[in-house]
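The block underneath contains the structure these notes are about, expressed in structure tokens.
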Amino acid sequence: MSNRYAIILCGGSGTRLWPLSRKLRPKQLLALNGEQTLLQQTVSRVSSYVNSTNVYVVTHEDHKFEVKGQLAELFPDTVQNVMAEPFAKNTLPAIAWATHTIYQKDKTAIIGVFASDHSIDNNQAFLDAWETAEQIAEQDYLVLLGIKPHEAATGYGYIKPSQKLASTNNSKLTAYQVDKFVEKPNAKNAERFVADGYLWNSGMFVFKANAFMQMLSIYQPEIHDYISEIDTDNLHQIYEKLPNLSMDYGLAEKAEKIAVVPVDMSWSDLGSWDSIFERQEKDFNNNAIHGEVVSIDTNNSLIWTEAGLLATLGLNNVVVIQTADATLVCDRSRAEDIKALVTEVKSRQPALTEIHRTVYRPWGSYTVLEERANFKIKRIVVNPGAKLSMQMHKYRSEHWVVVSGVATITNNEIEYNLQENQSTYIPQTHRHRLANNSSEPLSIIEVQCGDYVGEDDIVRFEDTYGRLTTQ
């Protein structure tokens, strides 16, 4: 058997699970069905079969530090393999870049590709399907994991399997050649597909690195050539030229040696609030409850709050999601249509579709407590041993009050420490830096005052995390 690797795709726009999921904190970075985030669950799942040093995560530049932070908690060996795309170019360029990176390191690699935002309850069935797919991939097939459908869903693409393929005698599952792929169907066609033995397309792939690169050179030579030229100096320039193509459309639907392994592993792509509802524990009124909720005469509903008390009365079959700055109320049967609603919200208040009030940074996080035209109040938490960039603001001054911990502050040429309940003033245009040199978290309240308090009023002069351009 070839050396085993895994690629985890950690992209997404964060629209279908709004307002909890947003552009800068999409669903894979959230804990939606347990204490761990979906990304952490995915890495845990694949690391039971692959050495964590052989797990590669492809994400967007905007999410790089949050992804690394979540991985560092549980899988520090994987942090070095986080690959950040400067542009979102769909799944094929992401898979091609990561595969080429692995191929340069190990010509004999066999790779599994998985999304970071899926839920799988039957882990053993998943591993059995992966193992079977590897045996077929050794025959130079591009192999998918196909989900045995339990309903005539219209939200998934379908795969029609054909003749059985031979694998080793100890294979736990059966693989088939793929007859055809079908896009998301209407309800009538979905019922027919399920009756005819079609499978849901999970978007999970297994292949040999050399076989993939060969297919890429045949069916997508432009991507193959661009990917082969990428290095640390030209990544931005090359990636901008890549076409926007999915793995299915760009390669799988064109390849001659394409196979599928049917599997029933209690899988969901958690693609809507209704799918979240289906996988949550229910109370005696068949409600899924998260957070501080009081419900009377409410049935068959998802009631979720991240901020404050949420009370409901006389509701049935609804989704209610409350965050600090936005609330969603919709019929559960319309949960698949959230994308259109988010488009409308974005046209009116774009920030509400992009960021939460709490924003995560490589050094910690900040929460916007209040904001008006000429002032903003934040709670800033700096992780032990971390520090912000040496920076300056052109249009605002800042007042800092230490709530807990010890702050090490640079204010122009002066460096000093502040204890709990002490404060300082950072004048406009002063070079300054906030650091936490202690072993405990640092929490401060920051009051910004000035003609403009936008996040892009920042000039960085020195930064541990390489963010020296104006943001």
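Suppose the filter is assigned to a helix (DSSP H, G or I), among the charged types (D, E, K, R) and in contact with a Phe, Trp or Tyr (Cβ under 8 Å, 6 or more places away or on another chain); does Glu222 pass it? Quick ask: steps written out before the conclusion?
Details: assigned to a helix (DSSP H, G or I): yes; among the charged types (D, E, K, R): yes; in contact with a Phe, Trp or Tyr (Cβ under 8 Å, 6 or more places away or on another chain): no.
No: the conditions fail for Glu222.
If I go through the range 282-338 residue by residue, how many of them are β-branched (Val, Ile, Thr) and over 28 Å from Lys184 (Cβ atoms)? The number of residues fulfilling the criteria is 10. Of the residues Ser202, Ser228, Ser266, the single one that is touching a residue at least 60 places away in the same chain (Cβ under 8 Å) and touching a Leu at 6+ places or on another chain (Cβ under 8 Å) is Ser202.
Yes or no, residue by residue, for (1) of a type in the set (A, V, I, L, M); (2) at pLDDT 95 or above; (3) closer than 30 Å to Glu73 by Cβ:
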{"position": "Glu413", "(1), (2), (3)": "no, no, no"}
{"position": "Thr424", "(1), (2), (3)": "no, yes, no"}
{"position": "Asn436", "(1), (2), (3)": "no, yes, yes"}
{"position": "Tyr465", "(1), (2), (3)": "no, no, yes"}
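Contact map, the range 250-262: first residue assigned to a loop (DSSP other than H, G, I, E, B), second residue modelled with pLDDT of 90 or more and open to solvent by less than 10 Å² (accessible area, probe 1.4 Å), Cβ cut-off under 7 Å, separation 6 or more or different chains; pairs are Ala255/Leu142; Lys257/Leu142. Checking each residue in the range 1-26 for being within 29 Å of Ala109 (Cβ to Cβ), among the hydrophobic types (A, V, I, L, M, F, W, C) and crowded, with 19+ Cβ neighbours inside 10 Å picks out Ala6, Ile7, Ile8, Leu9, Cys10. Screening Pro161 against (1) open to solvent by 40 Å² or more (accessible area, probe 1.4 Å); (2) at pLDDT 90 or above; (3) under 14 Å from Pro262 (Cβ atoms) leaves a single unmet condition, (1). Residues in the range 14-37 that are part of a helix (DSSP H, G or I) and either of a type in the set (Lys, Arg) or in contact with a strand residue (DSSP E or B) (Cβ under 7 Å, 6 or more places away or on another chain) (or both): Lys27, Gln28. Can we say His150 is loosely packed, with under 15 Cβ neighbours inside 10 Å and outside any helix (DSSP H, G or I)? Spelling it out, His150 is indeed loosely packed, with under 15 Cβ neighbours inside 10 Å and outside any helix (DSSP H, G or I).
Taking the conditions (1) under 15 Å from Val261 (Cβ atoms); (2) at pLDDT 90 or above; (3) surrounded by fewer than 16 Cβ atoms within 10 Å (Cβ to Cβ) in turn, Gly203 satisfies each one other than (3). Summed over the range 72-102, the residues that are assigned to a helix (DSSP H, G or I) and either under 10 Å from Tyr56 (Cβ atoms) or open to solvent by less than 60 Å² (accessible area, probe 1.4 Å) (or both) give a count of 17. Within the range 273-315, being assigned to a helix (DSSP H, G or I) and open to solvent by 70 Å² or more (accessible area, probe 1.4 Å) holds for one residue alone: Glu278. State which residue is nearest to Val459 (Cα to Cα) when the search covers only the range 380-405 and only residues that are assigned to a loop (DSSP other than H, G, I, E, B) and within 33 Å of the chain's Cα centre (by Cα). Top of the filtered list is His393. Ile136 meets the conditions (1) in contact with a Phe, Trp or Tyr (Cβ under 6 Å, 6 or more places away or on another chain); (2) crowded, with 17+ Cβ neighbours inside 10 Å in every case but one. The failed one is (1). Only one of the numbered conditions (1) in contact with a Leu (Cβ under 8 Å, 6 or more places away or on another chain); (2) free of Cβ contacts under 8 Å to residues at least 40 places away in the same chain is not met by Ile321, and that is (2). Being out of contact with any Phe, Trp or Tyr (no Cβ under 7 Å at 6 or more places or on another chain) and aliphatic (A, V, I, L, M) is the filter; apply it to the range 21-54 and report the residue that is farthest from Asp117 (Cα to Cα). Looking at residues that are out of contact with any Phe, Trp or Tyr (no Cβ under 7 Å at 6 or more places or on another chain) and aliphatic (A, V, I, L, M), I get Leu24. You will find that of Glu446, Glu455, the residue that is surrounded by 17 or more Cβ atoms within 10 Å (Cβ to Cβ) and either farther than 21 Å from Lys64 by Cα or of a type outside the set (Ser, Thr, Tyr) (or both) is Glu446 and no other.
Answer yes or no: is there a residue in the range 27-47 that is in contact (Cβ under 8 Å) with a residue 24 or more places away in the chain, farther than 30 Å from Ile303 by Cα and surrounded by fewer than 21 Cβ atoms within 10 Å (Cβ to Cβ). Yes, that holds for at least one residue. Selection of the range 399-436 for residues being open to solvent by less than 20 Å² (accessible area, probe 1.4 Å) and either of a type in the set (Phe, Trp, Tyr) or in contact with a Cys (Cβ under 8 Å, 6 or more places away or on another chain) (or both) yields only Trp400.
If you scan the range 51-64, which residues turn out to be hydrophobic (A, V, I, L, M, F, W, C) and surrounded by fewer than 19 Cβ atoms within 10 Å (Cβ to Cβ)?
Listed by number, the list is empty, since nothing qualifies.
The values are calculated or read from the model by the stated rules, or taken from the named source; none is laboratory data. From a predicted model like this one, the values you see are computed outputs, not experimental measurements. With ideal geometry, Cβ positions are generated from the backbone for all residues, glycine too; neighbour counts draw on all protein chains shown. Ligands, DNA and RNA are stripped out before the accessible areas are found, and what is left, the full protein with its side chains, is counted by its heavy atoms. Shrake-Rupley method; radii C 1.70, N 1.55, O 1.52, S 1.80 Å.
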